[in-house]
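Reading through the structure tokens given below for one structure.
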Amino acid sequence: TGVVARLAGEYGLSDVRVTRLPVPYRQWDGEDAELWVEKPGPPQLVTRYLDHPAVLVYGSRSADVTAPLVWIGRGMNPRDYEGKEVRGKVVLTDGSAAAVHDLAVVKHGAAGIVTFVNEYGFGVDRPDSLAQVRLSNAFNESLDAQTTFAIMLSHRQGTKLLETVMTNPEVV
């Protein structure tokens, strides 16, 4: 904002003001993110931030993780975790990133989240659409220490990855 005000002055504008509007959450911007499937088969890029910035869920923290991927369904209810070991794994879900993070990561020790949640009506009719979603720490900085990362996939990408998980004994 200071750069814009300075340049406006250089162009002869004399009454330049910067107005900051209140935002109910912290300002945040990612720098880079990639999601790869290392196994089975040769490594494959699923998605990356440079192609679509909404894939990196708002509030994600830096991480370099190689871990098994496990399907947890919606992942928003404690019952979704019964009989499943997610500690140290990346969870695949079609549930809300914030709610799943609070259960899978904070409570059960998951390494991170990959979601293809359909909160805004995308899916069958718009299978390649993404929406920007947030983790709980976007509104509460004190949660930063418990936060890992979350990746948002389109419905098409998510169902394809789910098929891989359901048909292979181990997906990393």
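Read the figures in this text as sums done on the coordinates, not as results from a lab. In this text, all values refer to a predicted model and were calculated from it rather than measured experimentally. For neighbour counting, all protein chains shown are included, and Cβ atoms are generated from backbone atoms with ideal geometry for every residue, glycine included.
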For Val133, distant residues with modelled amide H under 5 Å away: Tyr58
Tell me, what HN-Hα J-couplings in whole Hz come from the Karplus equation 6.51 cos²θ - 1.76 cosθ + 1.60 at θ = phi - 60° for each residue of segment 80-97, using x for Gly and Pro? 5, 9, 5, x, 10, 9, 10, 4, x, 10, 9, 9, 9, 8, 10, x, 4, 4
Expressed in nanometres to one decimal, the distance between label points 7 Å along Cα→Cβ at His52 and Val172 is 2.7
Neighbour-limited loop hits for GluC sites (Glu not before Pro), segment 1-99 (at most 10 other Cβ within 10 Å; DSSP other than H, G, I, E, B): Glu31, Glu82
Once the Cα gyration tensor of segment 34-90 is found, what semi-axes does its equivalent ellipsoid get, as square roots of 5 times the eigenvalues, in whole Å, sorted largest first? 23, 17, 11
For segment 1-96, what mean projected area does the convex hull of the alpha carbons give, in nm²? 10.1
